[in-house]
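The values are calculated or read from the model by the stated rules, or taken from the named source; none is laboratory data. All figures in this text were calculated on a predicted structure; none of them were measured in a lab. Methodologically, a virtual Cβ is constructed for each residue, glycine included, from the backbone with ideal geometry; neighbour enumeration extends over all protein chains shown. Surface areas here come from the heavy atoms of the whole protein model, side chains and all, with no ligands, DNA or RNA. Shrake-Rupley method; radii C 1.70, N 1.55, O 1.52, S 1.80 Å.
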Amino acid sequence: MKNILWILGMTLTFLSPLTTQWLQAANRIQNFEVVAVEISGTKFWLPSTLIVKKGDIIKIHAVSKIGGKNNIHGYAIDEFKVEQLIDDKGKDFEFVASKTGTFPIRCHLHPAHIGGQLLVTE
Ligand SMILES: [Cu+2]
């Protein structure tokens, strides 16, 4: 019995770095929750910076917490052809961060609405 446990332990010890490498090679799923808010009359998308790795599958849940008549806001990342309309019910969408770089995030409905940036690293 002891021998079997030892063999099992050694096998797991040997395999775990390989498993880690395999997981790193596969596309990671990155989940983000972003909200449109208004602070002292200025609208923002928060968090303003999303940091991911090249090849990651980016899953975003976006929701507008800005009340009033104009509660629909845009969430656009031109480089990855993301262009969504977001209201107070929220919306899920996804894309693959297929290239490295820093890419603007903006509200395509309101130029004054402060967006952010998507940072894709190697
Ligand atoms: Cu907006």
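Details
- Loop trypsin sites (Lys or Arg not before Pro), segment 70-122, which have at most 16 other Cβ atoms in a 10 Å radius of their Cβ (DSSP): LYS81, LYS89, LYS99
- Along its first, second and third principal axes, ordered by size, segment 27-121 spans 39, 22, 19 Å in Cα coordinates.
- With every protein chain in place, segment 27-121: carbon and sulfur % of accessible area (1.4 Å): 51
- Relative contact order, whole percent, for segment 27-121 stands at 33, derived from Cα pairs under 8 Å and 6 or more residues apart.
- Residues with amide H under 5 Å from that of LEU109, placed H, sequence gap 5 or more: GLY74
- DSSP bridge pairs, segment 27-121: antiparallel proportion in percent, nearest 5: 60
- Protein heavy-atom accessible surface, 1.4 Å probe, per residue over segment 34-100: 54 Å².
- Of the residues PHE80, GLY41, HIS61, the one whose Cα sits farthest towards the positive end of the charge dipole of segment 27-121 is PHE80 (charges of +1 on Lys and Arg Cβ, -1 on Asp and Glu Cβ, taken about the Cα centre).
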